[in-house]
1. Among the residues of the range 221-236 satisfying the criterion of being part of a loop (DSSP other than H, G, I, E, B) and open to solvent by less than 50 Å² (accessible area, probe 1.4 Å), which is nearest to residue 319 (Cα to Cα)?
2. Enumerate the pairs (first residue in the range 86-99 and outside the structural domain of residue 166 (by TED's automatic domain parsing) and touching a residue at least 24 places away in the same chain (Cβ under 8 Å); second residue anywhere and within 9 Å of the ligand (Cβ to nearest atom) and aliphatic (A, V, I, L, M)) with beta-carbon separation below 9 Å, excluding pairs fewer than 6 apart on the same chain, so at least 6 apart or on different chains.
3. Mind checking which residues of the range 376-398 are away from the ligand (no atom under 16 Å from the Cβ) and either touching a Pro at 6+ places or on another chain (Cβ under 6 Å) or of a type in the set (Gly, Ala, Ser) (or both)?
4. Answer yes or no as to whether residue 151 is within 22 Å of the chain's Cα centre (by Cα) and either of a type in the set (Phe, Trp, Tyr) or more than 23 Å from residue 32 (Cβ to Cβ) (or both).
5. Have a look at 287, 323, 342 and point out the one that is without any contact (Cβ under 8 Å) to a residue 60 or more places away in the chain, touching a helix residue (DSSP H, G or I) at 6+ places or on another chain (Cβ under 6 Å) and open to solvent by 50 Å² or more (accessible area, probe 1.4 Å).
6. Criterion first (under 30 Å from residue 333 (Cβ atoms) and either crowded, with 17+ Cβ neighbours inside 10 Å or not assigned by TED's automatic domain parsing to the domain that holds residue 389 (or both)) does residue 184 satisfy it?
7. Could you check, for the range 379-396, whether at least one of its residues is under 30 Å from residue 246 (Cβ atoms) and open to solvent by 40 Å² or more (accessible area, probe 1.4 Å)?
8. Is the range 207-223 home to any residue that is within 15 Å of the chain's Cα centre (by Cα) and more than 16 Å from the ligand (Cβ to nearest atom)?
Amino acid sequence: MLQSASLDDLKNLCATDDLTDIFCKLVSFDTKSDPTSQTVPSTKGQLVLGAYLVEELKALGYEPQMDDLGVVTTKVKASEGYENCKRLCFLAHLDTAPDASGANVSPRLVKNFKEDGIKLDNGLVIDNDLCPNLKDCKGYDIIVTDGTTLLGADDKAGVAVMVELLKTLKKDPSIKHGPLCFAFSVDEEIGTSADHLSLEKIDCDYGITIDGSSEGELDVATFNASKAKVDFTGVSVHTAVAYKVLKNAVSLAAKFIELFPSSERPETTRDLEGFYHIHNIEGRTEEAHLDMIIRDFDLDGLKKREDFVRKCASFINDYVGYEACKVTITKQYRNLGAVLAESPEILDICRKSYKDANLNVIEKSIRGGTDGSNLSCRGLPCPNIFTGALNCHGPYECLPVQSLHKSYDVALALISNMTSTVRK
Ligand SMILES: [Zn+2]
């Protein structure tokens, strides 16, 4: 039988569970980011939430700062005697995905999840077919939406965990810790957040993003990523005199696309397989343009793919007899796995922290990038831990409360386990 969600049950839980209460306050802010915006952050709502956080953290006795891009950071001084431990920075992002509305989010609770599925208020159904991870949530309480918006657990669950950690550190001085930084970033969902983060300001040895998905997962590798812009130049004449003269840029673009194997697309690959993804095309007889992304876990593999894109362009040029096709390839991010391989210490600390939180760690290579992929390549090794959130970026998004607590437990264990490290 499908279970339905209750507003009152969530209200009651918030009265007794501080972490859930913080989370519910955070999702009441509309912080959807906007890829078409010219400003940083891309939407005002992120500044509003940032300002709220600054006030909350000040009230706790911290000295948070918001920079002119909207990034909020707070430093936590080491406990006495722990000043020489390596410095750890937690990161989570304030914005939510542009894919679905983040306004007037109305969270509610499904208590003691059985196994069949959940019927949201507007009739949408979350079941095992849609979300195979649900089978691991039997007996959990799950926060869902009313079906009309996303929930925003990506990444307000991560933000909530960080705020709760800051509260705990103030409340309980018996928890010893090294120097810590807490950074709340903007515009992660439109791919620009890491560019707005200053490593000088963060000034840490390791980072941890709290932005992963299901309970127990630890993201230790990401794709290597490049994008390519491909421009086609045609020769346009009246069709009456076109014979052997007209070169149609639209046809050239179509010919170019046909050169890519259909077995190497996002929809035909999985696990550790790379792909080409042509995601935008526009054109007319005179000129055409297409945009593609190129992904591979292996850096040599990525380079080979980039070469293949260039070869396809040469093929088109040889075919028409002039330089009709031009390719511009830009680096996007690199596999954080390569950086983490050189910093095994932080991964060992993560593994121990999962164990301390009574979790079996599931190490994953994710078919995407994280803020950590960018930060790791810039010199801040940065794995990604789970928040518990499932089905992110749409109305099916949900957050098992017990998983959220596990995320907090892991983060707290990370703080303790960092005290065994020494800065040289
Ligand atoms: Zn996220």
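The values are calculated or read from the model by the stated rules, or taken from the named source; none is laboratory data. Please read these numbers as outputs of a predicted model, since none were measured by experiment. With ideal geometry, Cβ positions are generated from the backbone for all residues, glycine too; neighbour counts draw on all protein chains shown. Surface accessibility is based on the protein's heavy atoms, side chains included, excluding ligands, DNA and RNA. Shrake-Rupley method; radii C 1.70, N 1.55, O 1.52, S 1.80 Å.
1. Top of the filtered list is 234.
2. Every condition considered, no pair remains.
3. 376, 379
4. no
5. That would be 287, the only listed residue that is without any contact (Cβ under 8 Å) to a residue 60 or more places away in the chain, touching a helix residue (DSSP H, G or I) at 6+ places or on another chain (Cβ under 6 Å) and open to solvent by 50 Å² or more (accessible area, probe 1.4 Å).
6. Answer is yes for this residue.
7. No, the range 379-396 contains no residue that is under 30 Å from residue 246 (Cβ atoms) and open to solvent by 40 Å² or more (accessible area, probe 1.4 Å).
8. yes
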